[in-house]
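Bear in mind that the values in this text are calculations on the coordinates, not laboratory data. Keep in mind the model is a prediction, meaning the values are calculated, not measured. Quick reminder, even Gly has a Cβ in these numbers, built from the backbone with ideal geometry, and neighbours come from all protein chains shown.
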Amino acid sequence: MLQAMGKGTRKVTLEDLESLVFGPWRAAYDRREESGIEADWSPHLQRLRSRTGCQLRDRDLLAAWFRPYGEHLVPIDGAKQALEKIQSRGMKLGLVSNVPLPGELYAGVLDRYGLEAPFDTLCFSYDQGSRKPSPALLRLAMTEVGSQPAATVMVGDRRERDIAAGQFAGTDTVWIRSTDQGGPEADATIGSVTELPDLLDRWQR
C-alpha cells in the first residue's frame, strides 16, 4: 500500500497506516459479528488521504493491500473439476462468501484459475452489506439462480456461519470438514469439495 500511494504525497510510515487505517478498521471488524455487516474501509481511507495528500481511490488502495495476499491464494487440487462436474449435471452454482474487501478482488482470483465460470452468481458480504450467518446472502444467491430452499444445498467449512446460514434459510447443508468445530450439525459431512459431486448425485437419486 505504501508503494501504491505513489510520489507526491507526504511521507507515510507503517505506523501511520496502523493508526490511520488498519487500527480503526480492525476495531470495527472485531464488532462485525454483532453488527452482521462487514467493516467499512471508506472513513479510514478518507482519513489517510486527508493526512497524506494521496489521491488514489478506495478501490485502488484496497487492491494494493489485497495484492500480496491474493497472489498466494491457490485452489485445492480437483476443485475446478468438481465444480464443472456439478455444473454439467444441470445444477446451478452460487458462491456466498464473507469477505472484508470488495468482491471483485476475490472474483479476480477465481477467474485466474478458471473457477469463476462454473458459478451462476457471486455474492460477497462486503458488496451486499450482510454477512453469514445471516441468511440474506444465501437468499440473494437463491433468487439470482432461481432456486427455492427445498431445492438448495448450502456447502461450507464454517459451521457457525455457513451451516447456520443454510439452516436459517431452510436449505439442506453440507459441512466440509475443518478445524471449525462449533456451530450446528450439518445434514452431511465431506472431507473436501472434490467429494461434493458424488454426494449430490446420491441425494438426487
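Under a crude label model (7 Å from the Cα following the beta-carbon direction), how far is Asp58 from Val99 in nanometres? If labels sit at Asp58 and Val99, their model points lie 1.6 nm apart.
For Asp172, the residues 5 or more places off, or on other chains, whose built amide H falls under 5 Å of its own are Thr152, Met154. Karplus-based coupling profile of segment 107-119, in residue order and whole Hz: 4, x, 5, 4, 5, 4, 9, x, 9, 7, 4, x, 8, with θ = phi - 60° in 6.51 cos²θ - 1.76 cosθ + 1.60 and x standing for Gly or Pro.
Remark: segment 15-28, residue by residue, has Karplus-estimated 3J(HN,Hα) of 5, 4, 4, 5, 6, 8, 10, 5, x, x, 5, 4, 4, 5 Hz, where x stands for each Gly or Pro and the curve is 6.51 cos²θ - 1.76 cosθ + 1.60 at θ = phi - 60°. Distance from the C-alpha centroid of segment 120-189 to that of segment 32-75: 26 Å, rounded to the whole angstrom.
Quick one: net charge around Ala82, please, counting Lys, Arg +1 and Asp, Glu -1 for every other residue with C-beta under 13 Å from its C-beta.
On the way: positive: Lys80, Lys85, Arg89; negative: Asp77, Glu84, Glu195, Asp198, Asp201.
Cβ neighbours under 13 Å give a net charge of -2.
Rg over Rh for the chain works out to 1.03, using Cα positions for both radii and the Kirkwood form for Rh. With a point put 7 Å past each Cα toward its Cβ, work out how far Glu116 is from Gln181 in nm, to one decimal. Spacing of the two 7 Å Cα→Cβ label points: 3.9 nm. Net charge of the neighbourhood of Gln181, taken over other residues with C-beta under 12 Å away and scored Lys/Arg +1, Asp/Glu -1, is -1.
Give, as ranges by residue number, the residues of segment 164-186 whose backbone N falls under 20 Å from the point 7 Å along Cα→Cβ of Glu144. Taking a point 7 Å out along Cα→Cβ of Glu144, the residues of segment 164-186 whose backbone N falls under 20 Å are 164-174.
Taking 35 Å as R0, compute the FRET efficiency from the Cβ-Cβ separation of Glu71 and Gln46 and round it to 0.05. Given R0 = 35 Å and the Cβ-Cβ separation, E is 0.80. One chain, two ends: Ile190 and Arg31. Fully extended at 0.36 nm per residue, the span grows by 54.1 nm beyond their Cα-Cα distance. A DSSP coil position with no more than 15 other Cβ atoms inside 10 Å describes the following GluC sites (Glu not before Pro) in segment 128-204: Glu185.
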